[in-house]
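Working notes, structure below.
The values are calculated or read from the model by the stated rules, or taken from the named source; none is laboratory data. Just so you know, these numbers come straight off a predicted model, no measurement behind them. In this analysis, Cβ positions are derived from the backbone assuming ideal geometry, glycine residues included, and neighbour counts consider all displayed protein chains. Accessible surface areas use protein heavy atoms only, side chains included; no ligands, DNA or RNA. Shrake-Rupley method; radii C 1.70, N 1.55, O 1.52, S 1.80 Å.
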Amino acid sequence: PEAFVSVYMGTGGGSFNPGNPGTYDTQTTIGGGQYLAAGDFDGNGSPDLIVAHASNVVGQLFNTTVAAPVPTINQAKTQPDPTNGSSIAFDVAFSMGVTGFDGSDIDFTGSTLSGLSATVTPIDTAKYTVTVAGMSGAGTVKVSIPADAATAISGGAKSLASTSTDNTVTFDGVSPTV
């Protein structure tokens with residue numbers, strides 16, 4: 001035998017364990033180092049493949065898994081902060097087109113105000129504007145998107161929890177006294 005397939009199963013923590021059996025003879029009898037390595041790089045039980053050629057260069061990378069959409073939510077570029085306006089805008093960008101994302105998917109954990117509601121307006125299948133209303137008094141509005149809030153159009157994977165760099169806006173609806 002001149003070419004082998006090695007199988008490694010991902011642990012989900014960035015390391016791999018040899019499959020059982022770990023090495024298979026490809027029966028190709030091709031000399032010079034034609035190799036195919038299979039590994040579960042993301043720990044979901046579905047193998048990913050790398051084809052290495054005789055020159056020790058990776059030729060192709062096939063991922064047989066479906067990537068999950070990753071949402072990012074931040075205060076809109078035009079959103080004043082602090083504000084006393086009747087609504088607060090946030091921009092949402094998913095890493096790919098999604099369906100099923102609506103106002104009920106907005107999480108207000110960390111907000112100091114209560115009675116908040118959200119409306120989602122699509123810009124396209126990957127970009128949305130979230131408008132928050134219902135503020136009164138003074139405090140902060142913090143938004144996030146929990147895991148499984150949307151579904152990828154391609155492949156049907158559920159979305160991951162959101163990331164952000166600025167997902168909090170200060171609200172001050174208290175009128176000044178003289």
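The magnitude of the dipole of the stretch 63-173, with charges of +1 and -1 set on the Cβ of Lys/Arg and Asp/Glu and taken from the Cα centre, is near 100 debye. How would the stretch 93-166 be classified by its alpha-carbon gyration tensor: rounded, prolate or oblate, with rounded meaning a/c under 1.5 and the a/b versus b/c comparison settling the rest? Prolate, since a/c reaches 1.5 and a/b exceeds b/c. Placing a label point 7 Å from the Cα of Thr109 along the Cα-to-Cβ direction, the residues of the stretch 136-167 whose backbone N falls under 16 Å of that point are 142-150, 160-164, 167.
For Thr163, nonlocal amide neighbours, meaning residues 5 or more places apart or on other chains whose placed amide H falls under 5 Å from its own, are Thr72, Ile73. Rolled with a 1.4 Å probe across the full set of protein chains, the surface gives Asp166 an accessible area near 60 Å².
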